[in-house]
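A short worksheet on the structure shown next.
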Amino acid sequence: MPNLMLLILQIGVIIAAARCIGLLFRKFQQPQVIGEIVAGLLLGPSLLGHVSPALSAQLFPPASLGALNAISQVGLMIYMFLVGLELDLKKLRSLGNTAVVISQVSIVVPFLLGILIALFLYPRLSDSSVRFIAFALFMGAAMSVTAFPVLARILTDRKLLTTEVGTVSIACAAVDDVSAWCILAGIIALLRADEGQFSLLLTLGALVFYLIVMIYVASPLLRRLETSYLRGGLSFDMIAVIILVLLASGWVTEWLGVHALFGAFFAGVISPKNKEFAREVSSRFEPLTVVLMLPLFFALTGLRTNVSLISGYTMWFYCLLIIFVAIAGKLGGAMIAARVKGMPWRESAAIGLLMNTRGLVELVILNIGLDMGVLSPTLFSMMVLMALTTTFMATPLLHWVYPEHMLRSREQPEIKDVAFEQAELKGV
């Protein structure tokens with residue numbers, strides 16, 4: 001049974017650290033979420049556990065982390081639901097050929113490079129208990145992620161949402177988000193099928209049935225909520241129905257061996273896309289999720305990240321290699337694809353930098369990999385540093401590559417609405 005007083009203290013310390021360091025990072029024109037991630041790392045063995053092991057053991061004893069983890073996982077489900085809610089697949093179909101090509105290249109190139117680096121890292125940072133195919137596919141998926149909400153926040157801060165760079169980037173990131181989660185769902189289904197929970201064919205068949213039910217049963221139910229909302233606003237009963245659909249979807253996908261987060265994400269995808277309805281739902285869920293639950297997840301990630309495991313020249317070489325490959329695949333792939341499609345080098349480089357941000361979405365995937373035993377604690381720590389580096393570098397390099405006086409005002413009407421809807425996830 002969890003110690004309530006300790007749980008309250010842990011939550012208070014985490015929120016205070018996340019807000020203070022997050023605000024500090026904002027003063028340096030970085031998205032606040034980066035500061036919150038760093039706060040989580042500072043509370044873990046990388047700093048607090050190293051400087052004061054006794055205090056760390058008292059504040060975050062391993063036996064007490066179960067309650068924090070449960071709360072953070074529910075928060076992540078709500079977060080992924082909001083991400084899915086903000087995606088309008090009908091509008092994404094209207095994207096131009098440029099955005100489609102860039103998005104696909106920015107997934108395929110880093111995915112393939114991730115598989116290639118897995119060939120080198122597998123005998124050095126993994127063992128025979130992990131199948132190489134699982135290790136390689138997971139590395140590929142981790143390398144191909146773009147942190148969609150962080151990117152939207154950077155575009156909003158830089159007033160780039162209505163420029164060609166902004167509209168193309170936000171559209172590509174939306175496609176990347178959907179693609180990455182579909183790839184990850186397939187990898188998890190494959191891994192858990194090997195564990196004997198379900199056969200792969202049975203899992204795939206059940207997933208198809210689940211998708212049919214969500215599209216033809218759950219989606220019409222949620223559309224009724226939209227109709228009721230237009231008549232009289234968003235009531236508590238309607239919020240309760242949304243939460244129940246979200247939880248039921250997550251429960252089913254977790255039971256099928258895919259992951260609860262995929263179910264929560266898909267529940268958001270099939271939800272009504274009326275602007276006012278989506279904005280109202282986001283405004284109800286967002287404060288508690290962003291201020292309370294996501295910092296708990298960052299703290300847990302920090303408690304699982306131990307930079308001291310990366311010791312010696314060899315380990316740091318592996319870490320730098322991972323960072324280099326991640327940047328080359330995502331930034332390089334998106335930049336070259338944009339240039340091939342006729343965009344100037346400056347705009348192409350800006351798109352590459354934006355697509356290279358990984359942030360929270362990457363941390364979610366890495367934690368799944370650690371939980372499933374695909375990533376070792378050492379490799380997990382390296383990948384977390386990669387996620388931080390690629391996200392941190394975006395804003396300062398964007399100021400250099402695409403300064404204020406170079407901003408363009410070529411608005412893209414079809415993509416503009418999507419971009420502004422995505423930026424509603426403030427603070428993340």
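The values are calculated or read from the model by the stated rules, or taken from the named source; none is laboratory data. Given the structure is predicted, the values throughout are model-derived calculations rather than measurements. Counting neighbours? That spans all protein chains shown, and the Cβs are built from the backbone with ideal geometry, glycine included. Only protein heavy atoms, including side chains, enter the accessible area calculation; ligands, DNA and RNA are left aside. Shrake-Rupley method; radii C 1.70, N 1.55, O 1.52, S 1.80 Å.
Sequence gap at least 6, Cα distance under 8 Å: using those rules, report the relative contact order of the chain to the nearest whole percent.
Details: 633 pairs, mean separation 133.3, N = 428.
Once divided by the residue count of the chain, the mean separation gives 31 percent.
With a probe of 1.4 Å, find how much accessible area the chain has per residue, and write the answer as a whole number in Å². If you can, show how the numbers build up before the last one.
Numbers: 17730 Å² over 428 residues.
Accessible surface, normalised per residue, equals 41 Å².
How high is the FRET efficiency from Trp251 to Met5, r the C-beta distance, R0 25 Å, rounded to 0.05? Show your work: numbers first, answer last.
Details: r = 31 Å, r/R0 = 1.23.
Plugging the Cβ-Cβ distance into 1/(1 + (r/R0)^6) gives 0.25.
Tell me what the chain gives for mean residue ellipticity at 222 nm when only DSSP H runs of n ≥ 4 count, each as -39,500 (n - 2.57), the sum divided by the residue total, rounded to 500 deg cm²/dmol.
Values: 23 runs with 319 residues, N = 428.
It lands at -24000 deg cm²/dmol.
Positive end of the dipole of the chain, charges at C-beta (+1 Lys, Arg; -1 Asp, Glu), about the Cα centre: which of Ser179, Met393, Tyr313 has its Cα farthest in that direction?
Working it through, the farthest residue towards the positive pole turns out to be Met393.
Please get the size of the charge dipole for segment 237-336, origin at its Cα centre, with Cβ charges of +1 on Lys and Arg and -1 on Asp and Glu, quoted in debye to the nearest 20. Intermediate values should be presented prior to the final figure.
Working: 6 positive and 5 negative charges, 52 e Å.
Value, rounded to 20: 240 debye.
Around Arg19, what is the net charge, scoring Lys/Arg as +1 and Asp/Glu as -1 over all other residues with Cβ under 11 Å from its Cβ?
Values: positive: Arg26; negative: Glu36.
So the environment of Arg19 carries a net charge of 0.
Each residue of segment 299-309 in turn: what ³J(HN,Hα) in whole Hz from Karplus with 6.51, -1.76, 1.60 and θ = phi - 60°, glycine and Pro shown as x?
5, 5, 4, x, 5, 9, 9, 10, 5, 5, 5
Mind putting a number on the dipole of the chain about its Cα centre? Charges go on the C-beta only, +1 for Lys and Arg and -1 for Asp and Glu, and I need it in Debye to the nearest 20.
Value, rounded to 20: 620 debye.
Using the beta-carbon distance between Ala63 and Val213 and R0 = 41 Å, what value does 1/(1 + (r/R0)^6) give for FRET efficiency, to the nearest 0.05? List each step's numbers first, then the result.
Values: r = 39 Å, r/R0 = 0.95.
Computed FRET efficiency for Ala63 and Val213 comes out at 0.60.
Could you work out which residue, out of Ala118, Ala16, Ala267, moves most in a Gaussian network model of the chain, that is, has the largest mean-square fluctuation with Cα springs under 10 Å?
Ala16
Suppose every K and R has +1 on its Cβ and every D and E has -1 on its Cβ; what is the size of the dipole of segment 295-400 about the Cα centre, in Debye to the nearest 20?
Details: 6 positive and 3 negative charges, 55 e Å.
Dipole magnitude for segment 295-400 comes out near 260 debye.
Can you give me the orientation-averaged projected area of the convex hull built on the Cα atoms of the chain, in nm²? Provide the component values of the computation, followed by the final result.
On the way: hull surface 83.5 nm².
Mean orientational projected area (the chain, Cα hull): 20.9 nm².
For the ranges 178-185, 68-75, 328-335, what's the packing order if you count other beta-carbon atoms within 10 Å of each residue, average per peptide, and put the highest first? Let's see the in-between values first.
Details: 178-185: 20.6, 68-75: 18.2, 328-335: 24.4.
Per-residue Cβ counts within 10 Å, averaged per peptide and sorted highest first, yield 328-335, 178-185, 68-75.
Considering amide H positions built from the backbone, and no H for Pro or chain starts, which residues 5 or more places from His259, or on another chain, come under 5 Å of its amide H?
Residues meeting the criterion, in which the H sits 1.01 Å from N, are Glu254.
Going by average Cβ neighbours within 10 Å, how do the peptides 379-388, 250-259, 229-238 rank, with the highest at the top?
Details: 379-388: 24.3, 250-259: 21.2, 229-238: 12.5.
Those peptides, ordered most packed to least, come out 379-388, 250-259, 229-238.
How large is ³J(HN,Hα), in whole Hz, for each residue of segment 348-360 in order, when computed from phi with the Karplus curve 6.51 cos²θ - 1.76 cosθ + 1.60 and θ = phi - 60°, using x for Gly and Pro?
5, 5, 5, 5, x, 4, 5, 5, 7, 5, 10, x, 4
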